Amino acid sequence: MHSPTPSLDATARQILTFVLGGQTYGIDILRVQEIRGWSTVTKIPHAPAHVLGVLNLRGSIVPILDLRRRFALEHAEYTAVTVIIVTSIVTASGRRDFGVVVDGVSDVVDIDAAQIKPAPELGAHGGADYILGLLCIDERMVVLLDFDRLIGAELVQTADTTDSAASVDAA
Amino acid sequence: MKNRSRSPSARATARRRSPAPPDRVQLRACCTLAEAGELKAALVALTPCAGPVTLAAGAVERIDTAALQVLAAFVRDRRLAGRSVHWDSPSTTLIAAARRLGLSTLLQLEGAGS
Amino acid sequence: MTVDLEQFHAAFYDESFEALATMETTLLQLDVGAPEPELINTIFRVAHSIKGGSATFGFTDIASFTHSLESLLDALRGGTMSVTAAVCDLLLRAVDVLRALLRARQAGQPIDAQRVADLQFDLEVALAGRSAAAPAQPVPARVAPAGARAPSQWQVRFRPHRKLFVHGNDPLRLVQALAAIAEVDAQLDAQNLPPLAALDPEDCHLAWTLSVRGPIDSAQIQQIFDWAEGDCELLLQSVPAEPAEPAEPVTPPVAVAVPAPPPASPAAPSPPAPLDTSAKTQAANGLADYGSIRVSVEKIDELMNSVGELVITQAMLTQLGAKIEGPQAEPLRVGLAQLERNMRELQESVMRVRMLPISFVFSRFPRMVHDLAQQLGKRIELKLTGEHTELDKTVLEKIGDPLVHLVRNCIDHGIELPAARIAAGKPPAGTVQLAACHRGGNIVVEVSDDGGGLDAARILRKARERGLIGPHDTPADAQILELIFRPGFSTAEQTTDLSGRGVGMDVVRRNVKELGGKIELASQAGRGARFTITLPLTLAIVDGQLVSVGTETYIVPLTSIVESLQLSAAQISRISAQGEVFACRGEYLPIIRLHSLFGVEPRARALHEGLVVVAEGDGRRVGLFVDDLLGQQQVVIKSLQTHYGHIEGVAGATILGDGAVALILDVPGLIRGASGRAAA
């Protein structure tokens, strides 16, 4: 659908903000394909913990990722208001679609690249290269995420090494 | 997610209340476009019959494509519903006409009369 | 007004490449010495249409080259020059040059002008040299055009309009009239026949394809159907009296051309002018292609996807309909049942559109075999059978390379040199046979030769050298043959240009396996070898058994299932090395608990409480332990790899009636995984 747009370049004008564990995050709106309500996913074997399963998105089988688990936040129940943001990354082997589960979608916001402040160094522990920067909107701090870095490498790796994690619990 | 096949019992009971449907139709000597409507009505009346139905076709002397088409729709519908049709001594006119138009299989007339 | 020619370029290239393929095939069929005039005509027509097209688009280099080619062909056609092996070879080279020219044009790359000029020169020399040998009077060896040929067989597609009956026409009468002058075999098309309840008996919903055999011409057939003029669609097609496959004329790729009916008043047929204007030829081509259209594969795939979605929606509605009560419930269910039938028909029709005859792949072999045989100094006859066998396009695309490899293997290693063959009491020319046929739900392709067969001793020696087996292992004959499929095996004494390129039989086997197929090999010393490839007809749909494990539903392909059973406690035992096994028809089969393998909470944990599906893969059997069996249905296979990746033991996924995703199990993968774990 779209050509490989950089995650959020200087000219980006709009972001989608969403809430997860009380914190507001933002991603490039151009990367968002669809926002849909929660529905039960089909579990897939040998998947890493943050891959909840797969869903049918208009005829394609698409993995659904749990950002809470990815950020090591405490688990929340999936309810009727839980939302899935369907987005995509571009990898060497082509475009990959996936959905991320978030607590709720807030808004679409116009931003100016000049407003973005670099993320503070979080020390050795941080390694948060997937944070593009911070932004203040209506006195709330918004963390701008780079999905290519946050999910890209992992999703592709997952895809290639899924067989090792087999759990055998012969009852 | 569960694709268990549905039991047809509910429908079966509903049907049992009405009087027993006919299970036999006598085809007329002349089965053409003019009689096709009447033929259809007679066959539709057989539709609810769950058991085998009989088409008595010994008297057929004239038949055309329109009538054959009605018969074909009936026999095919029965087969799709898993119900059977029995031909009672179909006339050679009928058999030849069906064969000529490649309808023998659909009408389940194969092997009849030979 | 300016016309943007660019948009026509793609069509021109497509058609030209097809035309060249036709030309090549036809050239290879030409019998040196006694050429069929019709074959030469075909080649001429092809060259002529390329010339016309390239001139239209201003590709003067191609047009000029084709002009020389055409002049030579015209001489052959007119009988002023005879068809010799040298001429055939020259023409084949011309096909190569034309192909290269077109490719260069298409890619916007420079052309090899020297090569073109050289061959053009050769063509002109050949043409100039003919006069010496030519007869004084050109022999008019032209073949009369289609109308007057009175072929032995016609195909008539007869599709009445709805109002045919009420306008006083009766197909039965028409067919009877036709049957009075020829032998008629009617094939009914009742696809559009509605259920009886919905049928208006005065409307005609049937259609026919009539095979007409007899000494009659198109005008006579036309005359009979004149009665129904305006009330039907009629397509008349002559069927060449080909002994092998009378069904369909061999036409170049993608679309099957159905010639339009000849004009209603057949004018006196006039032979085509040798060098008429291209406009006229274009018109003739347009007419010939009347019954077919060119559609891009993407469009068909889109259609497939939409139909897949429709099937899912329909299944959802059917489930919903089953739950509805009340007076409207019954008519609703009748309607839904009808919808389901229509959907199935639609799905099958779309699948059929994707089916292509295997001749698309076979067609490359005559040239390849011809060239290889010359190169190796062998004499080889290629036999193709079952070219019309159809299979899904995706399978077709992937089977080409393995077949090329097998055929090369036969020519390189199988067929002996003529002297060796004579010494062995065989005819000097070897035979390589490619045969395709449908068997059950599969397509079977055989590649066989009457060469020396596989040399078991040499294979064994090689396998030992390569360390594939131990120095003192003595495998049985069948196992020796299996060795050639092992990675790193190649018996070529020296690396030839042909087979010994590092890609071996292991790659062939892997490709075939990826298609869900298998390859078998039989060999007889001195008599030849035969490779048999069995493939599924399509990769898009599988017949599956739905099974439930906990809250999940999985699909086991029916082809993998042997039987399903409920175990009694007495059948089950535990062997420490292999885990749980059960006794089944005299053997002990390992049990794979799907719930523990896939990390699902099951409803049944004790083996006798659930069910065991006995499944087979790679020649081994296992029992898959599940909670319950659900229905069986055809499912559309969707890839998990597009957006996720490969999962061991899972072949893909599908979407069920309620929109949920279910995984399709890969039984051979499960078995391999299980034995891997057991061994660990």
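Solvent-accessible area lost on pairing A with C (1.4 Å probe, both sides summed) amounts to about 2500 Å². Chains B and C together bury some 3100 Å² of accessible area, summed over both sides, with a 1.4 Å probe. In straight-distance terms, cross-link reach from residue C:393 covers every one of the lysines whose alpha-carbon lies under 18 Å from its own, apart from those fewer than eight places away in the same chain; here that gives C:299, C:513, C:638.
Its Cα centre serving as origin, region C:298-356 has a Cβ charge dipole (Lys and Arg +1, Asp and Glu -1) of approximately 140 debye. Relative contact order for region B:22-100: what percent, with Cα pairs under 8 Å and sequence separation of 6 or more? Reported relative contact order: 37 percent. Straight-distance candidates among the aspartates and glutamates for linking to residue C:323, with alpha-carbon spacing under 14 Å and chain neighbours fewer than 8 residues away dropped: C:658. As a length-normalised measure over Cα pairs under 8 Å and 6 or more apart, the relative contact order of region A:14-159 settles at 27 percent.
A 1.4 Å probe, protein heavy atoms only, puts the accessible area of residue C:125 near 80 Å².
For residue C:398, give me every one of the aspartates and glutamates with a C-alpha distance below 15 angstrom, ignoring sequence neighbours fewer than eight places off in its own chain. Within reach: C:390, C:514.
For residue A:140 and residue A:14, the FRET efficiency from 1/(1 + (r/R0)^6), where r spans their Cβ atoms and R0 equals 22 Å, is about 0.80.
Karplus-derived 3J(HN,Hα) values for region C:557-572, using 6.51 cos²θ - 1.76 cosθ + 1.60 with θ = phi - 60°, are x, 4, 5, 8, 8, 8, 6, 10, 9, 9, 8, 9, 4, 5, 7, 9 Hz; glycine and proline are entered as x. Output the residues of region A:27-66 meeting this criterion: accessible area (heavy atoms, 1.4 Å probe) in the chain alone minus accessible area with all protein chains in place is 40 Å² or greater. Listed by number, the residues meeting the 40 Å² cut-off are A:42, A:43, A:44, A:45, A:46, A:56, A:59, A:61. Just for region A:14-159, what percent of DSSP beta bridges are antiparallel, to the closest 5? Among the beta bridges of region A:14-159, antiparallel pairing accounts for roughly 85 percent.
The values are calculated or read from the model by the stated rules, or taken from the named source; none is laboratory data. Values in this document were obtained by computation on a predicted structure and should not be read as measured data. Positions of Cβ are backbone-derived with ideal geometry, glycine not excepted, and every protein chain shown enters the neighbour counts. The area values use the complete protein model at the heavy-atom level, side chains included, leaving out ligands, DNA and RNA. Shrake-Rupley method; radii C 1.70, N 1.55, O 1.52, S 1.80 Å.
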